[in-house]
Amino acid sequence: MARMKKIGVLTSGGDSPGMNAAIRATVRTAIYEGVEVVGIQEGFNGLINANFTPLNARAVSNILQRGGTILQSARSKEFRTVEGRQCAYDQLKKSGIEGLVIIGGDGSFTGAHIFDQEHRIPFVGVPGTIDNDLYGTDFTIGYDTALNTITNAVDKIKDTAASHNRIFFVEVMGRDTGYLALSSGIATGAEDILIPEEITDVEELVHNLVSAKKQKKNSSIVIVAEGDDGGGAIEIAKKVNALYSDFDTRVTVLGHVQRGGKPTAQDRILASRLGNSAVYALLSEKSGIMVGLKNGEVKETEIDVAISKDKNLKPQLLQLVDALAV
Ligand code: F6P
């Protein structure tokens, strides 16, 4: 098989800080190897609508440090249909793009996997999501930045919480996974964390909060993952107040502030390494894989494994939250 001459790069799903650094690494590595690169705008929608822009090395200057994605992103509804994917395939063939670097999360990789099964389009996935929920990589691009954003916000909340003897329920992102909640809970010294992976027992939570009060703690933080089975932070606060009305509670939903901002140095380095490796994987005729970082080394994982296997939260970390809240 002749070496690829033209590849495309796109960002898909929820954006994450560091996606720009991954785009830059993809573009520059390809150019370094004499391969043309096309930027595909707005995720898979851009494939369907042939929203293509040729990218040279200067087109990605000064984006390494910027949050968001210069290519924009989307959760494409059309790409979920057979017709949409056929149209995307036709546009790719017309444009001469021979392989794709897809920067995104599990939803994007699921779409890419189906597309590959139907049309045999070579692609390599680069894990970009603040959720850190992909199997096959210790960290996803954007997770470290989001974690630091949450930590900074909760540190500020703790100042005011302590001044008023209040309990704060802080909701963080994570529809299906509690990585951000668990790690930020440890980083901020939360009293408790509520995550989708564990069944929430509100009575037990109230018991913990009452005992914290008895121990003369002047504030408590409860981190709630948005996808917790007990509800979001607003819901949980209501349930707690219904059982024990003596608490002075407040709720903060951090929302999309967690998805923006300058990527941390860790995320920039991760994105640079993975964008670079994705191009080399494509050029060595690999496809249907995700590049990730395992124990400090770049490793490849079959895409169906990356999206289907659960990346379990470490039970020791859950115990750590309990132990450090005494
Ligand atoms: O997948 C990333 C993520 O930020 C999740 O943590 C969150 O549940 C979701 O995206 C929010 O998506 P949207 O921006 O489309 O509302």
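Bear in mind these aren't lab numbers, they're just calculated from the coordinates by the rules spelled out. On a predicted model such as this, the values are computed, not experimentally measured, just so you know. Glycine gets a Cβ as well: all are built from the backbone with ideal geometry, and neighbour counts include every protein chain shown.
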Quiz item: Going by alpha carbons, how many degrees (0 to 90, nearest 10) lie between the helix axis of 19-32 and the longest principal axis of the chain?
Solution: 20 degrees
Quiz item: Cross-link partners among lysines for Lys309, C-alpha distance below 28 Å, same-chain residues fewer than 8 apart left out?
Solution: Lys77, Lys286, Lys294, Lys299
Practice problem: Please work out whether region 1-147 counts as rounded, prolate or oblate from its C-alpha gyration tensor, where a ≥ b ≥ c are the square roots of the eigenvalues and a/c under 1.5 means rounded, while otherwise a/b larger than b/c means prolate and anything else oblate? | Solution: oblate
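Can you tell me which of 201-213, 61-73 comes out highest on packing, and rank the rest after it, using the mean Cβ neighbours within 10 Å?
61-73, 201-213
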Self-check item: Overall Cα dimensions of the chain - principal axes, largest extent first, Å
Solution: 72, 37, 32
Quiz item: At a Förster distance of 35 Å, what's the computed FRET efficiency of Ala242 paired with Asp310, Cβ-Cβ distance as r, to 0.05?
Solution: 0.60
Exercise. Relative to the longest principal axis of the C-alpha atoms of the chain, give the angle of the C-alpha long axis of helix 233-243, reported between 0 and 90° and rounded to the nearest 10°.
Key: 20 degrees
Practice problem: Could you tell me which of rounded, prolate or oblate describes region 144-259, using a ≥ b ≥ c as the square roots of the eigenvalues of the alpha-carbon gyration tensor, with rounded for a/c under 1.5 and, failing that, prolate when a/b is larger than b/c and oblate otherwise? | Solution: oblate
Quiz item: Where Lys and Arg each count +1 and Asp and Glu each count -1, what net charge lies around Asn165 among other residues with Cβ under 14 Å from its Cβ?
Solution: +3
Exercise. Please say if region 106-180 is rounded, prolate or oblate, where rounded means a/c under 1.5 for a ≥ b ≥ c the square roots of the C-alpha gyration tensor eigenvalues, and otherwise the choice is prolate for a/b larger than b/c and oblate otherwise?
Key: prolate
Quiz item: If Lys and Arg each add +1 and Asp and Glu each add -1, what is the summed charge of the other residues whose beta carbon sits under 9 Å from the beta carbon of Thr188?
Solution: 0
